[in-house]
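The values are calculated or read from the model by the stated rules, or taken from the named source; none is laboratory data. This structure is a prediction, so every number in the text was calculated from the model and none was measured. We place every Cβ from the backbone using ideal geometry, glycine too, and count neighbours over all the protein chains shown.
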Amino acid sequence: MDQPRFQSSAPLRFVVNGKAGSSDADATREVIESTLRDAGRAGEVLFAAPGELARVAREAAAQVLADGSAVVAVGGDGTINTVAQAAHAAGCVMGVIPKGTFNYFAREHGAPFETPEALRWLLAAQPEPVQISAINEQVFLVNTSLGLYPDLLQDRETWKARFGRSRLVAFGAGMATLLRAQRRLKLSIEWAGQQREVRTLTLFVGNNRLQLEQLGLGNAEQPSEGAAARSQITAVILKPIGTLAMLGLMLRGALGQLGEASGIERFACQSLVVKPSRLLGRRQVKVAFDGEVGWMRSPLTIRVLPQPLWLLKAAPEVAAT
């Protein structure tokens, strides 16, 4: 767990998922550059065109590792995930400036929502180790899942394209997906010397304490303090249920009471191996990770990674000064 070299005077590199020249991109650049000037600090804003985010993030991570600086993700959970993958692989320090809808990772670690405040917070920050997990070596910071949840995310993107980006739109898309849910998964799950065969609508694995607590899924048979709590993930199994029961689960989720629902089973572990029994001739499984959807080869190994992510964090009151 050796801490990467970090010099606060070295130029930061900001990775923005967006095309340079748009009004939002130009406004983001102007805010970052003006805040850096006011603080007497150096930095570079790097825009990633569609499809280029992973490459830009890797190149920025390699450069800041050589400089003893940090790569900063500017965006939502998906953008932060991609930059975290590059930063963790390179072994460099990372920072975040949240600009998404939910921002679970940034919120858990205290980053302010407004760009000027978030940047001032970063400039006073020092690297701290935070837990990071992976599914088949794909990093995730908030959650990963298979079954119903990846379908929900795809529907949410469709709704956003039609109705705009908001929490209300996300909730409406989620309701539409859940009410038409029919597909059941048959999974073999192995963890901590145990093996279970389960039928489920979705398997959800959470790495983010804030999201789990907001859903009422915190403290799943795990200690709340110390290294043991930080080195575990929480697996949540949604049992096959009817439409009315699904509506009840949605209400419990909105109220932060999912942990009390009879249709939910959960457990904490450091790693688990998941094998879908029916792939209908396919060798890959559709999975979601931090809001992104992709296909991965079975079996799926989900685990807490032994090396942490080194994240820039400052005291909560710093941004207000």
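Mind listing whichever residues of the stretch 1-59 are part of a loop (DSSP other than H, G, I, E, B) and within 14 Å of LYS99 (Cβ to Cβ)?
Those that are part of a loop (DSSP other than H, G, I, E, B) and within 14 Å of LYS99 (Cβ to Cβ): GLY18, SER22.
Tally the residues that are surrounded by 23 or more Cβ atoms within 10 Å (Cβ to Cβ) and within 30 Å of LYS275 (Cα to Cα), restricting the search to the stretch 112-131. Of the residues in the stretch 112-131, 0 are surrounded by 23 or more Cβ atoms within 10 Å (Cβ to Cβ) and within 30 Å of LYS275 (Cα to Cα).
Looking only at residues of the stretch 78-105 that are modelled with pLDDT under 95 and surrounded by fewer than 24 Cβ atoms within 10 Å (Cβ to Cβ), we find that the one that is nearest to the chain's Cα centre (by Cα) is GLY78.
Set side by side, the residues ARG55, ARG13, ARG29 differ, and just one is at pLDDT 95 or above and crowded, with 16+ Cβ neighbours inside 10 Å, which is ARG13.
Does GLY100 meet the test of being part of a loop (DSSP other than H, G, I, E, B) and small (Gly, Ala, Ser)? Reasoning before the result, please.
Numbers: part of a loop (DSSP other than H, G, I, E, B): yes; small (Gly, Ala, Ser): yes.
The answer is yes for GLY100.
Screening GLY40, GLY75, GLY68 for residues that are touching a residue at least 12 places away in the same chain (Cβ under 8 Å), more than 23 Å from the chain's Cα centre (by Cα) and assigned by TED's automatic domain parsing to the domain that holds PRO116 leaves exactly one candidate, GLY68.
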